[in-house]
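Engineer: Below you'll find the structure I mean.
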Amino acid sequence: MSTKKLFINPAKTLGHINPEIQGQFSEHLGRCIYEGIYVGDDSNIPNVNGMRTDVMDALRAIKVPVVRWPGGCFADEYHWKDGIGEKSTRKRMINTHWGGVVEDNSYGTHEYMEFCRQLGCKTYINGNLGSGTVAEMSEWVEYMTFSGVSPMADLRKKNGHEEPWNVDFFGVGNENWGCGGNMTPEFYGNEYRRYQTYVRDYNSDRHIFKIACGPNVDDYSWMDGVLKTCFRNAPDFLHGFMDGISLHYYTHPEGWEVKGSATDFDDKVWYKTLSKTMYIEELIERHAAILDRYDHGKKIGLIVDEWGTWFTVEPGTNPGFLYQQNTIRDALVAGINLNIFNKHCDRVRMANIAQMINVLQAVILTDGERMIKTPTYHVFDMYKAHQDAELLESYIESEIIGIEDEFKVPSLTESVSLGTDGQIHITVCNLSADADHDIETILSDAGVEEALGEIVTGDMHDMNTFEDTDRVTKKEFSEFRITDGRLNFTIPKCSVVHLSVRF
Ligand code: AHR
């Protein structure tokens, strides 16, 4: 197999990689919030103010930049006042969307804000447009962010929080084409115009980044319809009317109905999964082209606030809990997506993998007091070097591989950035199920002086379990040579590699 070249131009930056591209999503779904994050302060599981210590430590280590909450479909049925005040009097209700279990509202606004404080991350609240009122959404923003005298600010103070919090991002509805109200794009566009009006900036120096509900997958008519409706007679448009619009895309190897096993798959399904993941690049480009028609200055971000693998639930678990295992295949899905987001950072300003703990492509799984980090976690751990970096122009040679014509993929994908540490950060995925690849890295008008590497690799089915917690981890990668300023290395099959390069 011939050596593939990776060309990097350190002199050409193409955009800023927002840390929020590595964001997370946490919904009141299965064991994501309850058990995953929040165990209550009287739990035997070590915790600080109810947030489990092992999980918080692990999340801090990968520098989680932002966490979206409370949903998802749950958000458009969530009434925030049910989740404030004395816990024993909070409403108990059925989580109708997810598993039909009792939701006791013990994790509400104050608990979410405490979680973000402990993690040191930005806040992303998703409001209820589907079944909530404009007044309810408006009051929630007032409750969280107003520092003066007002009914909602007073209520917050009465509930024990004198100072307002920062709301960095606010989603005005979720999946309003589906679980958020089955609306048409025109109807939603008009509702967006109205609801967002009352998502006020109470602090003149802090703008809440407002996110409209964007399309599912390839629903280009939704994107166009919402934008057309929102841009009509909206001269103030560029002034904080809409800062972002979402895109949701999940990787289902066998389609939405069947999905497919998280752990039991063959080479054919490996390539099928990865090729379906690669499809997000076309989605981003085509949705961005529609955005370009309305937003010439690229002011509106494409916010991929739900992405990742969605497999059949683990046998014996509640189908409404969406609990799945996570293998090396998920590590590749994570690396491929993050490379694509980096390369489109001119439009992709935030992305939130679904979902942070115990749900879909989680970075952490728990079982009572036990916790494991998934292969996806270790990929995020490597990619954190790209946070706040500048994207560099790069190109990698690759071959088209796969089993069936329909599911071909490039053998290699990459993204490269100039980090805040002054080093070049290269992340490469080898999508091949059976072939290692030799790569020669060439910097234009510069030479590589020193490099450090790390890798997530294994058999494609490898995963961590509660019995074998560290089968897949991030390992040191030192199989490279520097000759005459060129860096040569061999990336094993089924691997994600990160190289930090001093030049
Ligand atoms: O992440 C699970 C669900 O997927 C979310 O609640 C919803 O927004 C999407 O359909």
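The values are calculated or read from the model by the stated rules, or taken from the named source; none is laboratory data. Fair warning: this is a prediction, and the values are worked out from it, not measured in the lab. Because the Cβ atoms are built from the backbone with ideal geometry, glycine has one as well, and the counts that use them run over all protein chains shown.
Engineer: Going by what's in this entry, would GLY181 be described as at positive phi, surrounded by 14 or more Cβ atoms within 10 Å (Cβ to Cβ) and not in a helix (DSSP H, G or I)?
Structural biologist: yes
Listed here are the residues, each with its yes/no results for (1) away from the ligand (no atom under 16 Å from the Cβ); (2) within 16 Å of the chain's Cα centre (by Cα); (3) surrounded by fewer than 24 Cβ atoms within 10 Å (Cβ to Cβ).
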site	(1), (2), (3)
LYS299	yes, no, yes
VAL304	no, yes, no
THR309	no, yes, no
VAL333	no, yes, no
PHE341	yes, yes, no
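Engineer: Read through the list (1) at pLDDT 95 or above; (2) within 26 Å of HIS296 (Cβ to Cβ), then give the number of the only condition that TYR250 fails.
Structural biologist: Evaluating TYR250 over (1) at pLDDT 95 or above; (2) within 26 Å of HIS296 (Cβ to Cβ) leaves (2) as the failure.
Engineer: Regarding the stretch 134-144, can at least one residue be identified that is touching a Leu at 6+ places or on another chain (Cβ under 6 Å) and either in contact (Cβ under 8 Å) with a residue 60 or more places away in the chain or within 16 Å of the ligand (Cβ to nearest atom) (or both)?
Structural biologist: No, the stretch 134-144 has no match at all.
Engineer: Could you please let me know if GLU20 is in contact with a Gly (Cβ under 8 Å, 6 or more places away or on another chain) and at pLDDT 95 or above?
Structural biologist: no
Engineer: Output yes when any residue across the stretch 237-247 is out of contact with any helix residue (DSSP H, G or I) (no Cβ under 7 Å at 6 or more places or on another chain), more than 15 Å from the ligand (Cβ to nearest atom), hydroxyl-bearing (Ser, Thr, Tyr) and at pLDDT 95 or above, and no when none is.
Structural biologist: Looking for residues that are out of contact with any helix residue (DSSP H, G or I) (no Cβ under 7 Å at 6 or more places or on another chain), more than 15 Å from the ligand (Cβ to nearest atom), hydroxyl-bearing (Ser, Thr, Tyr) and at pLDDT 95 or above, one finds none in the stretch 237-247, hence no.
Engineer: Filtering the stretch 50-68 down to residues that are more than 17 Å from the chain's Cα centre (by Cα) and under 29 Å from ASN18 (Cβ atoms), which residue is nearest to the ligand (Cβ to nearest atom)?
Structural biologist: The qualifying residue nearest to the ligand (Cβ to nearest atom) is VAL55.
Engineer: For the stretch 265-281, which positions are free of Cβ contacts under 8 Å to residues at least 24 places away in the same chain and surrounded by fewer than 17 Cβ atoms within 10 Å (Cβ to Cβ)?
Structural biologist: ASP266
Engineer: Let me ask something else about it. Report those strands (runs of 3 or more DSSP E) wholly inside the stretch 317-425 carrying at least 2 residues which are over 19 Å from VAL497 (Cα atoms).
Structural biologist: 348-354, 364-367, 370-373
Engineer: Can you pull out the residues in the stretch 348-402 that are closer than 17 Å to CYS429 by Cβ and out of contact with any strand residue (DSSP E or B) (no Cβ under 9 Å at 6 or more places or on another chain)?
Structural biologist: LYS384
Engineer: With the requirement that a residue be more than 16 Å from the ligand (Cβ to nearest atom) and hydrophobic (A, V, I, L, M, F, W, C), what does the stretch 311-331 give you?
Structural biologist: Of everything in the stretch 311-331, those that are more than 16 Å from the ligand (Cβ to nearest atom) and hydrophobic (A, V, I, L, M, F, W, C) turn out to be ILE328, ALA331.
Residues checked against (1) under 23 Å from the mean Cα position of the chain (by Cα); (2) crowded, with 21+ Cβ neighbours inside 10 Å; (3) away from the ligand (no atom under 16 Å from the Cβ):
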| position | (1), (2), (3) |
| --- | --- |
| PRO70 | yes, yes, no |
| ASP76 | yes, yes, no |
| ASP82 | no, no, yes |
| GLU86 | no, no, yes |
| ASN105 | no, yes, yes |
| HIS110 | yes, no, yes |
| GLN118 | yes, no, yes |
| ILE125 | yes, yes, no |
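Engineer: Sticking with this structure for a sec: Just for the stretch 159-195: of the residues that are within 23 Å of TYR112 (Cβ to Cβ) and more than 23 Å from the chain's Cα centre (by Cα), which one is farthest from the ligand (Cβ to nearest atom)?
Structural biologist: Looking at the filtered set, the residue picked out is GLU162.
Engineer: If a residue has to be part of a loop (DSSP other than H, G, I, E, B) and surrounded by fewer than 23 Cβ atoms within 10 Å (Cβ to Cβ) to count, how many in the stretch 239-259 make the cut?
Structural biologist: Adding up the residues that qualify gives 7.
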